[in-house]
Amino acid sequence: MRVGLYGGTFDPIHNGHLHVITSLISKSLVDRLIVVPAGEPQLRDNQPHANGAARRAMCQLAIADLADAIKAKVEVSPIEILREGPSYTIDTVAAIATTYPEATVVVIVGTDAFAKIDQWHRSAELQELADFLVIDRPGAKTPGAIDIGALNISATGRTDLSKFCGFIIFVTLVYNSTFVIIIRRNNFCTSKL
């Protein structure tokens with residue numbers, strides 16, 4: 001089983017986030033998805049405007065409006081907003097791995113966030129513990145990444161991902177076909193979904 005971890009400030013959660021959530025489940029990229037509003041994100045210039053409880057409530061309301069087949073596989077976790085002090089993805093991944101010991105934990109991030117992976121707390125250890133599913137931002141043509149048709153709500157700059165190794169999955173929508181490229185320590189495998 002593949003358990004996705006989709007973290008962010010969700011300040012507020014918007015249609016772009018919901019499109020990603022729906023795509024992840026409907027394309028069977030993950031079997032279960034845990035949406036995690038960030039507590040105290042360390043790599044953001046600004047802290048969220050809304051408090052953690054409000055951002056969690058917004059996520060729960062937004063998920064409740066999704067199709068039954070999607071929302072049945074999605075949960076909103078308060079794990080980071082309940083944690084005191086800084087929020088680190090590695091701690092959240094470890095907690096999810098404890099809850100789902102037989103599952104592969106998949107961290108879902110945009111290309112902009114993944115470009116800073118070397119700045120993440122205990123980055124090398126995190127990349128050993130989890131797979132990464134990297135989603136290209138709207139309008140970006142990131143080498144190695146593929147677009148799932150993300151909505152143009154929060155466009156960011158381009159990033160060259162070709163230098164990264166580890167457990168990474170890049171997803172795209174090309175001419176109405178979805179392809180997944182799995183990079184496992186420089187062993188490349190491409191499959192059409």
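The values are calculated or read from the model by the stated rules, or taken from the named source; none is laboratory data. The shown structure was predicted, so the numbers you read here are calculated from the model rather than taken from an experiment. Virtual Cβ from ideal backbone geometry, glycine too; neighbours counted across all protein chains shown. Keep in mind that these areas ignore ligands, DNA and RNA; they rest on the heavy atoms of the full protein, side chains included. Shrake-Rupley method; radii C 1.70, N 1.55, O 1.52, S 1.80 Å.
One table, with the values for the structure above:
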| item | result |
| --- | --- |
| Eligible aspartates and glutamates near residue 71 by straight Cα distance, threshold 16 Å, same-chain separation 8 or greater | 31 |
| Nearest-20 debye value, segment 28-125 charge dipole, Cβ charges on Lys, Arg, Asp, Glu | 140 |
| For residue 40, residues with placed amide H under 5 Å, excluding near neighbours | 87 |
| Where GluC sites (Glu not before Pro) fall in DSSP loop in segment 38-106, at most 10 other Cβ within 10 Å | 84, 102 |
| Among 24, 114, 58 the positive-end extreme of the charge dipole of segment 1-116 (Cβ point charges) | 24 |
| Estimated FRET transfer efficiency (residue 119, residue 68; beta-carbon r; R0 41 Å; 0.05) | 0.60 |
| Solvent-accessible surface ranking, highest first, for 136, 118, 65, 11 at 1.4 angstrom | 65, 118, 11, 136 |
| Potential extension, residue 84-residue 1 segment - 0.36 nm per residue separation minus Cα distance | 26.9 nm |
